[in-house]
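No lab work stands behind these numbers, since they all come straight from the coordinates. No experiment lies behind these values; they were computed from the predicted model shown. Cβ: placed from backbone, ideal geometry, glycine included. Neighbour counts: every protein chain shown.
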Amino acid sequence: MITEMDDEGLMFGLCDMGHGFPELGYVHHDELANVKLLGGALGIERDINWKAKSTIGEYAKQASLNGRIVA
């Protein structure tokens, strides 16, 4: 869940780069764009219709408890 991005592609949000350790922090757009899932068949996409039901802090707490991001 990305909450902000600057003009150079540096983003802040709740991320898990596939290591099972979700955390709030910074990631660069290019780093996310290069993530491939399911053997390279899928990438990460923006969901323009998604609406948050909690604060980013609440999502981070739940992700930490679950060991993964569940939105």
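For region 6-25, name all the residues that are of a type outside the set (A, V, I, L, M, F, W, C) and within 16 Å of Lys61 (Cα to Cα). It would help to see each step written out before you state the result.
Applying the first criterion (of a type outside the set (A, V, I, L, M, F, W, C)) to region 6-25 yields 6-9, 13, 16, 18-20, 22-23, 25.
Matches in region 6-25: Gly13, Asp16, Gly20, Pro22, Glu23, Gly25.
Among the listed residues Ile48, Ile69, identify the single one that is β-branched (Val, Ile, Thr), within 10 Å of the chain's Cα centre (by Cα) and part of a loop (DSSP other than H, G, I, E, B). Please lay out each step first, then the result.
Numbers: Ile48 fails: within 10 Å of the chain's Cα centre (by Cα).
Going through Ile48, Ile69 in turn, just one is β-branched (Val, Ile, Thr), within 10 Å of the chain's Cα centre (by Cα) and part of a loop (DSSP other than H, G, I, E, B): Ile69.
Of everything in region 20-51, what is among the small types (Gly, Ala, Ser), touching a residue at least 12 places away in the same chain (Cβ under 8 Å) and either over 17 Å from Arg68 (Cα atoms) or surrounded by fewer than 10 Cβ atoms within 10 Å (Cβ to Cβ) (or both)? Give them in sequence order. Talk me through it step by step, then tell me what you get.
First, the residues of region 20-51 that are among the small types (Gly, Ala, Ser): 20, 25, 33, 39-41, 43.
Still in the running and touching a residue at least 12 places away in the same chain (Cβ under 8 Å): 20, 25.
Across region 20-51, the qualifying residue is only Gly20.
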